[in-house]
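Please read the structure below before turning to the comments.
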Amino acid sequence: DAGVIQSPRHEVTEMGQEVTLRCKPISGHNSLFWYRQTMMRGLELLIYFNNNVPIDDSGMPEDRFSAKMPNASFSTLKIQPSEPRDSAVYFCASSLGVDSPLHFGNGTRLTVT
Amino acid sequence: RKEVEQDPGPFNVPEGATVAFNCTYSNSASQSFFWYRQDCRKEPKLLMSVYSSGNEDGRFTAQLNRASQYISLLIRDSKLSDSATYLCVVNRGANNLFFGTGTRLTVIP
């Protein structure tokens, strides 16, 4: 039974470059979340979708961040241009529906130099 | 005041010990509660949901105190493999989730 699949596992890029993170939620799950985790700030919700529609993007840091969910089985988080302060682990999670427990992917570790 | 507060620890306990963590939340309208476990450099994984009447899963017991607005996690007979960070999660409804910063546990041989 496949869990949430994220790619890439690791990304190292230079400041100013575009970064695209990808996520495939668990089949049948209706809600999808993007989180960022750092030592200083813990887990922060960036955005979440319900039935492919963005519901809450208040956690997106600024216009450099954008997220899409073109269909029920795929989502992207894009950072353009990237900055060193974006370095973090980015997790995608999905859930069966509103208020169901979250299932996390194994994350993308992003380093911006 | 933060939505969810946890003692960051670390808690260092010997094998076989019983250890308990608390997590307080600020919004009395919060609807559901969970404990997650996160190993170093891994993703958070659901450990257990927390029900109003309290619930147990093997060596783990979770309890909810709505009057005092806290949830707790009790681990009995600690194993080395229990070493991890434990995150409490509070749901205010409609996927309005708040994660604590986690409590780090190290079980010592």
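Computed from the coordinates by the stated procedures, all read-outs in this text should not be read as laboratory data. In this text, all values refer to a predicted model and were calculated from it rather than measured experimentally. Methodologically, a virtual Cβ is constructed for each residue, glycine included, from the backbone with ideal geometry; neighbour enumeration extends over all protein chains shown.
Restricting attention to region B:76-109, the residues that are part of a loop (DSSP other than H, G, I, E, B), within 13 Å of chain A (Cβ to nearest Cβ) and of a type in the set (S, T, N, Q) total 3.
Pairs meeting the criteria (first residue in region A:44-67 and touching a residue at least 40 places away in the same chain (Cβ under 8 Å), second residue of a type in the set (Lys, Arg) and assigned to a loop (DSSP other than H, G, I, E, B), beta carbons under 7 Å, at least 6 apart or on different chains) are lacking.
For region B:84-109, filtering for residues that are in contact (Cβ under 8 Å) with a residue 40 or more places away in the chain and either of a type outside the set (A, V, I, L, M, F, W, C) or surrounded by fewer than 21 Cβ atoms within 10 Å (Cβ to Cβ) (or both) leaves 15.
Residues are listed down the side, and each one gets a yes or a no for (1) closer than 15 Å to residue A:93 by Cα; (2) away from chain B (no Cβ under 14 Å):
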| site | (1), (2) |
| --- | --- |
| A:5 | yes, no |
| A:13 | no, yes |
| A:18 | no, yes |
| A:27 | yes, yes |
| A:35 | yes, no |
| A:38 | no, no |
| A:41 | no, no |
| A:44 | yes, no |
